Amino acid sequence: MDNLYTFKYFIMFLKKSFMQDRSAFRRKAYAMKYFIYILFYLTMLSLLFPFALLAEQKKEPELVDIIITTSKSHLLLFATVKNCFTEDMVKGVHNGIPITFNFHVELDAVRSGWFDSTLVEPTLTHTLRYNSFKEEYEVIFSENKGQAVTTRSLQKAKDLIAEVSGFQLIERKKLVPDAPYALKIKAPLTEATLPLGMHYILPFTSFWNFETDWRTIEFRY
């Protein structure tokens, strides 16, 4: 009888030990599975992050917020260039190199079944300079007869040079009511003109050149 009880307790001990071992095994298996998931996630993150960063750095300049409206006498144009500044450009400005944006604008009268007629084709020039003595930026606008705006804020200067704000495109009396028109606009950056030898001191200027795609807005007056 004692042997029977001893055997019974031995079997119970083995069963309990087996259950504990199996539970420990399951915990280890779960921990390993969890570790593999974390390792996979970190690996994918490390692989994808450089591409996301590169895509962020390589955003192409584009024209946005193009608005056509009217005053009492003229058709007015508003537009903004986005993603148009780089760190190299800022360095160049601080080293005395002016930056010039050209806004090429074209307004056409749309003719069904025939060639469109170009009404006006102005080019607006915005130039940004930095005065290191006064520690201020100057933005010159050709559409305002060379009028300049000065600011100590780099961000404000960047906003000013990249915006067309209420440009008087054409007199309203020259437009036909309810007739179709098409506005085309693009904004290339003018290549910096440097004194002889400056190209060797500031080689990054070769990376400044960009040009947005043409944007076309069709409307009826």
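The values are calculated or read from the model by the stated rules, or taken from the named source; none is laboratory data. Everything numeric here is computed off the predicted structure, so don't read it as measured data. Reconstructed Cβ throughout: ideal geometry from the backbone, glycine too, with neighbour counts over all protein chains shown.
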* Structure fact -> Flagged pairs (Cβ under 7 angstrom, 6 or more apart or on separate chains; first in the range 144-156, more than 24 Å from Thr123 (Cβ to Cβ); second assigned to a loop (DSSP other than H, G, I, E, B)) are Arg152/Glu135
* **Pair list, Cβ < 7 Å and 6+ apart or interchain, from the range 210-221 residues that are under 12 Å from Val81 (Cβ atoms) and in the same structural domain as Asp116 (by TED's automatic domain parsing) to residues that are surrounded by 11 or more Cβ atoms within 10 Å (Cβ to Cβ) and of a type in the set (A, V, I, L, M)** => Phe210/Leu189; Thr212/Leu63; Thr212/Val81; Thr212/Ala187; Arg215/Leu63; Arg215/Ile66; Arg215/Ile185
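Looking at Thr70, is it of a type in the set (Ser, Thr, Tyr), surrounded by fewer than 18 Cβ atoms within 10 Å (Cβ to Cβ) and touching an Asp or Glu at 6+ places or on another chain (Cβ under 6 Å)? First the steps, then the outcome.
Numbers: of a type in the set (Ser, Thr, Tyr): yes; surrounded by fewer than 18 Cβ atoms within 10 Å (Cβ to Cβ): yes; touching an Asp or Glu at 6+ places or on another chain (Cβ under 6 Å): no.
Criteria not met by Thr70.
Of all the strands (runs of 3 or more DSSP E) wholly in the range 103-186, which have at least 3 residues that are surrounded by 15 or more Cβ atoms within 10 Å (Cβ to Cβ) and in contact with a helix residue (DSSP H, G or I) (Cβ under 6 Å, 6 or more places away or on another chain)?
123-131
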* Asked: Quick one: would you say Gly96 is touching a residue at least 40 places away in the same chain (Cβ under 8 Å), small (Gly, Ala, Ser) and surrounded by 14 or more Cβ atoms within 10 Å (Cβ to Cβ)?
  -> no
